[in-house]
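Each value in this text was obtained by applying a stated rule to the coordinates, not by laboratory testing. Please read all numbers here as calculations on a predicted model, not as lab measurements. Methodologically, a virtual Cβ is constructed for each residue, glycine included, from the backbone with ideal geometry; neighbour enumeration extends over all protein chains shown.
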Amino acid sequence: EKFKELLTLAVSLNPTDPNLHYNIGVMNMETGDVDASIENFKKAVELKPDYVDAYINMGAATLKKAEPIVEEMNQNLSNFDKYDALQIQQLEFYKEAIPYFEKAFELDPANRSVAQTLSGIYEQLEMYDKQKAMQAKIAEMQ
């Protein structure tokens with residue numbers, strides 16, 4: 001908490017430093033304030049448009065929003081209607097995360113982790129053409 005206060009003070013002294021916004025975003029994500037973390041990461045990429053890690057963390061934070069839904073899905077495995085309704089909500093977060101991961105991959109096309117994440121999201125969303133293309137890029141990385 002004290003470190004977050006100091007970072008916030010540092011931002012007030014140097015508001016154009018993308019790393020400060022990024023680090024506050026990481027701290028917000030770690031404490032569960034996902035929406036605030038996304039805003040911090042957005043500010044970081046506004047200041048530094050090629051900030052790969054900020055794009056990755058925006059995608060990760062967006063996926064993190066789906067965690068409570070996944071937990072509820074796991075509690076409703078035998079209630080098919082409820083499970084299906086929850087899955088639709090989960091997939092909306094996946095769709096929301098795609099642009100962040102795609103931008104990160106555009107900026108860092110050798111990032112295998114981002115490629116694998118995208119491939120998994122494409123599979124979940126039944127975007128099989130994109131998944132197949134990403135799998136080919138992953139294979140080229142080996």
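Considering (1) closer than 24 Å to LYS132 by Cα; (2) surrounded by fewer than 16 Cβ atoms within 10 Å (Cβ to Cβ); (3) of a type in the set (S, T, N, Q), the lone condition that ASN74 does not fulfil carries the number (1).
Here are some residues: MET127, MET58. Which one is farther than 24 Å from THR8 by Cβ and not acidic (Asp, Glu)?
Selected residue: MET127, the only one of MET127, MET58 that is farther than 24 Å from THR8 by Cβ and not acidic (Asp, Glu).
Residues that are surrounded by fewer than 16 Cβ atoms within 10 Å (Cβ to Cβ) and under 13 Å from VAL34 (Cα atoms) within the stretch 47-71 comprise GLU67, PRO68, listed in sequence order. Among the conditions (1) more than 18 Å from the chain's Cα centre (by Cα); (2) buried (at least 16 other Cβ atoms within 10 Å of the Cβ), the only one that GLY25 does not satisfy is (1).
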